[in-house]
1. May I ask you to evaluate 6.51 cos²θ - 1.76 cosθ + 1.60, the Karplus curve with θ = phi - 60°, for each residue of segment 3-16 and list the ³J(HN,Hα) values in order in whole Hz, giving x for glycine and proline?
2. Report the calculated FRET efficiency for Ile52 and Ser10 (r = Cβ-Cβ distance, R0 = 30 Å), to the nearest 0.05.
3. Hey, for a label at Asn33 modelled as a point 7 Å past Cα toward Cβ, could you say which residues of segment 65-79 have their backbone N under 12 Å away?
4. Percent relative contact order of the chain, based on C-alpha pairs within less than 8 angstrom and at least six residues apart?
Amino acid sequence: MVDPCCTLKSGARIINSVVSRNCLIEERARVENSVVRGGSRIGADSVINGTIVGKSCHIGHDVTISGAVLGDKSVVTDYSTVGE
């Protein structure tokens, strides 16, 4: 489920996930089996799987996050790996 106030860029994929209000999912990012809370940004080419992303988080480009819980206003820098 994706809130209609979200911005999904070209090639972004949302699979079995909830994306809340005012989120930005950039090019070729994939969000699977996850919850992304309001105002968060997922960078291009990032993969988020089995994760809860808190409000107003910034996930950089080419990031992989699996099986994690990120608190509100968390920042994950470009090219990082978090979780399993």
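FYI, it's all coordinate maths here, none of it is from the lab. Since we're looking at a predicted model, the values are computed, not measured. Don't worry about glycine lacking a Cβ; one is built from the backbone with ideal geometry, like all the others, and counts go over all protein chains shown.
1. Per residue, the Karplus-derived 3J(HN,Hα) values read 4, x, 8, 7, 10, 10, 7, 4, x, 5, 10, 10, 10, 6 Hz.
2. Numbers: r = 26 Å, r/R0 = 0.86.
E(calc), rounded to 0.05, equals 0.70.
3. 66-68, by backbone N distance to the label point.
4. Working: 272 pairs, mean separation 16.7, N = 84.
In percent, rounded to a whole number, it is 20.
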